[in-house]
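S.K.: Let me begin by handing over the structure; questions about it come next.
The values are calculated or read from the model by the stated rules, or taken from the named source; none is laboratory data. Everything quoted here is computed from the prediction, not taken from an experiment. All Cβ positions, glycine included, derive from the backbone under ideal geometry; neighbour counts span all protein chains shown.
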Amino acid sequence: ERSLLGLKPLSRSEISSLLDRAAYWESEPHKVIPILESRFVANMFFENSTRTRFSFEMAEKRLGAQVLNFAAAASSVAKGESIMDTVRTLEAMGIDAGVIRLKPIGLLPEIAEAVSIPLINAGDGNNEHPTQALLDLYTMKKQFGDLKGLRVSIIGDVAHSRVARSNLWALQKFGAEVQFCAPPSMRAPELADSAPYVSMEEALVADVVMILRVQLERHTGDLFKSPEEYRIHYGLTEDRASTLAKHTIIMHPAPINRNVEIDDAVVESGQSRIFNQMSNGVPIRMAVMERAMKL
Ligand code: CP
C-alpha cells in the first residue's frame, strides 16, 4: 500500500520504517537528492495550511519531484466543482501521487477507491492527520529514544482534533500511555474508551505535554466563554509550565493561539519542542513521499 490515509490501519513496523527512513533523510547532507526526478506530485489543499503544505513541497523538491500546487480558492472548486472531480482531473493529466487536505469526513477513502494514484492524507476533517503524528512521534523518539511507557498528555480541543486521533492510534501501538484533558464541551465521546480524561493537574505529570489549538473555525455554537476563561482553566500558562518535571517536553502542532491555549513565554521556553516539530516535518514527509512514489 502506497497511500497513507491514516495511522490507525498501519502496523507498528510500518510506522517504525517511516521513522527510521526520516532519520536517514534528516542525516542526508545534500539538500536535493533527486530520486523522484521525472515524477509529478500535486499538493491539493481544500483547507488552509502553512506547515503541512510547505513542508510537503520542501520534501518533494528535496527528492527532485515535479510539484504542482493546487489552491482551492483559485480553482474551479470556486465554481462548484467537486473535490472528487478535481482529484480525478489531476490524475487524468498524469500526476503520479497526490497530497490532499479536505474537510468532509469519509470522502478521502472514497476518492482513494476511485483513483489509481497513491494519496497522502494531509488532514481530513477531525479524522486523521497522519504525517503530523509521524513527525510528533519522531520528535518524541529523538528526545526519549523509546516510546514504550512514555506518558503523553494531549490537552485541549480533542473533539475537533485530527492530530489527537492520529497520535492516539500511533502512540498506543508503541506502548505509550496516552491521556486526554479537555473541557467537557471539547471532549470526543467516541474516544472515551480509548484513553482516560484526566484533570489539568494530573495532565501536567507527563513526559510529553501536547497542547492542541482551540479550533474556532470548526466550532458550532459557543464551546467556551472567552479566550481568557479558556486560558485560566486549560491554558499552559507560565505558572503551570513551571510545575512540569525538568525532563517534560512541550509540543503543539501549530498554528498557535498564543496566550490562549499556551502562553507566549512557554512557546519560547527551553522545554518547548514546537519549532523542532516543524523542522521534523520535512524528513518525515520525505519518507512518506518516498514510500508513495518509489519506482
Ligand atoms: N500542524 C498543521 O497541520 O499546520 P498547518 O495547518 O499550517 O498545515
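S.K.: Can you name the number of the only condition in (1) acidic (D, E); (2) closer than 26 Å to A59 by Cβ; (3) modelled with pLDDT under 95 that D222 fails?
M.R.: Just one mismatch for D222, condition (2).
Residues checked against (1) among the β-branched types (V, I, T); (2) closer than 21 Å to R12 by Cα:
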| site | (1), (2) |
| --- | --- |
| R62 | no, no |
| S76 | no, no |
| S82 | no, no |
| R88 | no, no |
| I111 | yes, no |
| L134 | no, yes |
| K148 | no, yes |
| V158 | yes, no |
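S.K.: Could I ask something else about it? Here are some conditions: (1) part of a helix (DSSP H, G or I); (2) farther than 21 Å from S161 by Cβ; (3) within 16 Å of the ligand (Cβ to nearest atom). M44 meets all but one. Which one does it not meet?
M.R.: Failing condition for M44: (1).
S.K.: For S27, only one of the following conditions fails: (1) within 22 Å of Q132 (Cα to Cα); (2) of a type outside the set (V, I, T); (3) away from the ligand (no atom under 16 Å from the Cβ); (4) in contact (Cβ under 8 Å) with a residue 12 or more places away in the chain. What is its number?
M.R.: (4)
S.K.: Separate question: Checking the conditions here, which among L223, L216, L212, L191 is surrounded by 20 or more Cβ atoms within 10 Å (Cβ to Cβ), under 24 Å from A159 (Cα atoms) and not assigned by TED's automatic domain parsing to the domain that holds L19?
M.R.: Within the list L223, L216, L212, L191, the selection yields L212.
S.K.: Test D136 against the criterion of being within 16 Å of the ligand (Cβ to nearest atom), modelled with pLDDT of 95 or more, within 30 Å of A42 (Cα to Cα) and not assigned by TED's automatic domain parsing to the domain that holds R21, and give yes or no. Lay out the reasoning, then the answer.
M.R.: Working: within 16 Å of the ligand (Cβ to nearest atom): yes; modelled with pLDDT of 95 or more: yes; within 30 Å of A42 (Cα to Cα): yes; not assigned by TED's automatic domain parsing to the domain that holds R21: yes.
Considered against the rule, which asks whether it is within 16 Å of the ligand (Cβ to nearest atom), modelled with pLDDT of 95 or more, within 30 Å of A42 (Cα to Cα) and not assigned by TED's automatic domain parsing to the domain that holds R21, D136 comes out as yes.
S.K.: Across segment 278-295, what is the total count of residues that are among the basic types (K, R) and part of a helix (DSSP H, G or I)? Steps first, please.
M.R.: Pass one, segment 278-295, residues among the basic types (K, R): 285, 291, 294.
Okay, now just the ones that are also part of a helix (DSSP H, G or I), so 285, 291.
Total satisfying the criteria: 2.
S.K.: Given the conditions (1) surrounded by 17 or more Cβ atoms within 10 Å (Cβ to Cβ); (2) of a type in the set (K, R); (3) within 16 Å of the ligand (Cβ to nearest atom), report the number of the one that R258 does not fulfil.
M.R.: (1)
S.K.: Here are some conditions: (1) of a type outside the set (S, T, Y); (2) more than 30 Å from W25 (Cα to Cα); (3) part of a helix (DSSP H, G or I); (4) out of contact with any helix residue (DSSP H, G or I) (no Cβ under 9 Å at 6 or more places or on another chain). R240 meets all but one. Which one does it not meet?
M.R.: Result: R240 passes all but (4).
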